[in-house]
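Notes follow once the structure below has been shown.
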Amino acid sequence: MIKLAVVGLGKMGLSHHAMINAHPEVKVAAVCDATGYVLDVLNKYTGVRTYSDFEAMLREVELDAVIIATPSSHHSKMVLAALERGLHVFCEKPFCLDTREGEAAVKLAREKGAVNQVGYHYRFVGAFQEVKRLLDAGAIGEITHVQAEAYGPVVLRPKGSTWRTQRQEGGGCLYDYAAHPINLLNWYLGAPTGVGGTVLNSIFSEETDDEVYSTLYFPNGQSAQISVNWSDESYRKMSTKITISGKCGRIVADRQECQVFLRQTAKVPEGYQLGWNVKYTTDLTEPVWFYVRGEEYSAQLDYFVRCIKEKRTDNLNSFANAVATDTVLSMMIADAEKGASVRSDDALPVAAAKRKKRFPFLKN
């Protein structure tokens, strides 16, 4: 039986607690939070040991692992403290607001041989997993471009500052929501070599961004456009969509389904045919032992538990993978602060001639 503690009992922390507390191979030995009322309720109705001091909990409770779901600015300190004690660590995303802190956690986790995972749950959604399988099989041939979108009604009016809306605490829309599709892009294409045209706009928030737009550049001429807005009430809830164009077809996926168009030149996978195909998440998703918000949330925690049981540190959502995502976010911030790379005053009269030389098939 794995002895585990849940740290941070906000929305995600309570969800994680409900799921992991029902796992047949886990015992929740302690919880930690700064809110006394939440601790009192959990202690009264579950009998679990409660702490408001993280370091005291680590000293006094015999643990194998921790789930850290605190505000993002606290992640690195708590992750490093847990790793120093030889604990396996599941940390909510975004991993670290400072990539140097993330890299230190990656190094320490490797030295300790600790299972390490970050909560990018979209990698456990059936439709997005099917996209990965199709790309690995070369179904749509060479990828040329990807569009990654996420829209929803999170911040819809000016309001008091919370940790999520402070750049130094939560990271705003960029770190809280754009990170999800970017993490999927890293999974599908690897790490980008550059970014450009990044726009971080505030709509209602005073201290951070509410919408994010950017272009990511990958090796071999591949590109991806990011479009994310958490102040869009035309959507009932946050929705993420990935559209991938290839030389032999096209893939469009969201949480509900994976649509695939295969040209005559496509390498047709088993279960598919030329033309349009649709695979639904309900058909692509494995059953889970306990359901709270979506199978993918339970699936990622079960995966964490299985990695601990099997002593596997090559986690699908490792700290190293999360740092790769955080690095892209840092690149986008730097790009946005730099501003336009080419302005109207910089336009050259020889641009058309250079374009003609590069693309000789174009007409004047």
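Things to note:
- Whenever a residue of region 114-128 is closer than 26 Å to R85 by Cβ and open to solvent by less than 10 Å² (accessible area, probe 1.4 Å), its partners that are at pLDDT 95 or above and among the β-branched types (V, I, T), lying with C-beta atoms within less than 8 angstrom and at least six residues away or across chains, give the pairs A114/V89; V115/V89; V115/I308; Q117/V89; Y120/T325.
- As a summary of the residue check, A324 satisfies the conditions (1) over 19 Å from the mean Cα position of the chain (by Cα); (2) surrounded by 18 or more Cβ atoms within 10 Å (Cβ to Cβ) except for the one numbered (1).
- Some residue of region 36-47 being in a loop (DSSP other than H, G, I, E, B) and modelled with pLDDT under 95: yes
- Flag for Y188 being assigned to a strand (DSSP E or B) and either of a type in the set (S, T, Y) or closer than 27 Å to L262 by Cβ (or both): no
- The sole residue among Q259, Q273, Q264, Q225 that is without any contact (Cβ under 8 Å) to a residue 40 or more places away in the chain, open to solvent by 20 Å² or more (accessible area, probe 1.4 Å) and closer than 23 Å to W187 by Cα is Q259.
- Out of Y177, Y213, one residue alone is at pLDDT 95 or above, surrounded by 15 or more Cβ atoms within 10 Å (Cβ to Cβ) and outside any loop (DSSP other than H, G, I, E, B). It is Y213.
- Of all residues making up region 34-53, the number that are open to solvent by less than 30 Å² (accessible area, probe 1.4 Å) and either basic (K, R) or in contact with a helix residue (DSSP H, G or I) (Cβ under 6 Å, 6 or more places away or on another chain) (or both): 2
- Members of region 73-103 found to be open to solvent by 10 Å² or more (accessible area, probe 1.4 Å) and part of a helix (DSSP H, G or I), listed by number: S73, H74, S76, K77, M78, L80, A81, E84, T99, R100, E101, E103
- Among the residues of region 279-310, those that are open to solvent by less than 70 Å² (accessible area, probe 1.4 Å), of a type in the set (A, V, I, L, M, F, W, C) and not in a helix (DSSP H, G or I) comprise V288, V292.
The values are calculated or read from the model by the stated rules, or taken from the named source; none is laboratory data. This is a predicted model, so every value here is computed, not measured. Every residue, glycine as well, gets a Cβ built from its backbone with ideal geometry; the counts of neighbours run over all protein chains shown. What goes into the accessible areas is simple: the full protein's heavy atoms, side chains included, and nothing from ligands, DNA or RNA. Shrake-Rupley method; radii C 1.70, N 1.55, O 1.52, S 1.80 Å.
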